[in-house]
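The values are calculated or read from the model by the stated rules, or taken from the named source; none is laboratory data. This structure is a prediction, so every number in the text was calculated from the model and none was measured. Don't worry about glycine lacking a Cβ; one is built from the backbone with ideal geometry, like all the others, and counts go over all protein chains shown.
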Amino acid sequence: MIYVWSVILVLLNTVWLALVLLGLPGNWLIIISTCLFAWWHADDAPFAVYTLLAVTLLAVLGELIEFFGGMAGARKAGAGWRGSLGALLGAVCGAVIGTLLIPVPLLGTLIGACGGAAAGTWALETLAGRQMKESFHFGLGAGLGELLGITAKFIIGILIWLIIAFAAFWP
């Protein structure tokens, strides 16, 4: 019977993984459902504590990469601390606004986060006295950095999913 429940867990975790693409905390939902499953079936010991710890650390890494992706992209393009802060704030605000204004799953959140990071960097760098063209270049770097951060978080989510799916059926 444990294998039936393991299949259900893997299918549920597939749904949670898809939520990452919508800007939702899918990796954390994978971790939570897997920990609850491990607790529920503690007698069968479906997952080692080290496995649960490893996937939790991967989820933290994914969040950090996504959170600081726009900032890193802005810095790589040459922006200062104001532009990096603008990328961070712009990505968060842009993701929310993009999700509300563009009701296409994934697309609205992705465009909003990347566009918000770019706009935030551009605005704060321009206000700091940088040239328009230079600020635009910094904003473009921030937007690309945010896109890479979101992509990296999803790839880490796939890795988390694979580790759990493998561990669920491996004795």
*With the condition kept exactly as written, say whether any residue in region 103-118 is under 16 Å from V20 (Cα atoms), modelled with pLDDT of 95 or more, aliphatic (A, V, I, L, M) and surrounded by fewer than 16 Cβ atoms within 10 Å (Cβ to Cβ).*
no
For region 64-86 the number of residues that are under 17 Å from T109 (Cα atoms) and buried (at least 24 other Cβ atoms within 10 Å of the Cβ) is 2
The number of residues in region 11-47 that are closer than 28 Å to A95 by Cβ and at pLDDT 90 or above is 19
Of the listed residues (L24, L58), the one being in a helix (DSSP H, G or I) and out of contact with any Asp or Glu (no Cβ under 7 Å at 6 or more places or on another chain) is L58
The lone condition T151 fails out of (1) hydroxyl-bearing (S, T, Y); (2) in contact with a helix residue (DSSP H, G or I) (Cβ under 6 Å, 6 or more places away or on another chain); (3) under 22 Å from A59 (Cβ atoms); (4) without any contact (Cβ under 8 Å) to a residue 40 or more places away in the chain is (2)
Taking region 27-48 and keeping only residues that are under 24 Å from V96 (Cα atoms) and either in contact with a Phe, Trp or Tyr (Cβ under 8 Å, 6 or more places away or on another chain) or not in a helix (DSSP H, G or I) (or both), one is left with N27, L29, I30
The condition of being in a helix (DSSP H, G or I), buried (at least 17 other Cβ atoms within 10 Å of the Cβ), within 24 Å of the chain's Cα centre (by Cα) and not small (G, A, S) holds, among L12, L19, only for L19
Criterion first (free of Cβ contacts under 8 Å to residues at least 24 places away in the same chain, under 14 Å from the mean Cα position of the chain (by Cα) and either buried (at least 16 other Cβ atoms within 10 Å of the Cβ) or within 16 Å of F154 (Cβ to Cβ) (or both)) does L61 satisfy it? no
Original post:
Just wondering, is there one or more residues in region 145-159 that are among the charged types (D, E, K, R), within 20 Å of G86 (Cα to Cα) and touching a Cys at 6+ places or on another chain (Cβ under 7 Å)?
Top reply: yes
Quick count over region 119-168, residues being more than 30 Å from L53 (Cα to Cα) and in contact with a Lys or Arg (Cβ under 8 Å, 6 or more places away or on another chain), is 6
When region 87-102 is checked residue by residue, the ones that are surrounded by fewer than 23 Cβ atoms within 10 Å (Cβ to Cβ) and either among the β-branched types (V, I, T) or under 14 Å from the mean Cα position of the chain (by Cα) (or both) are L88, V92, V96, I97, T99, I102
Going through region 92-133 in order, the residues found to be without any contact (Cβ under 8 Å) to a residue 12 or more places away in the chain and part of a helix (DSSP H, G or I) are L100, L101, L107, G108, T126, M132, K133
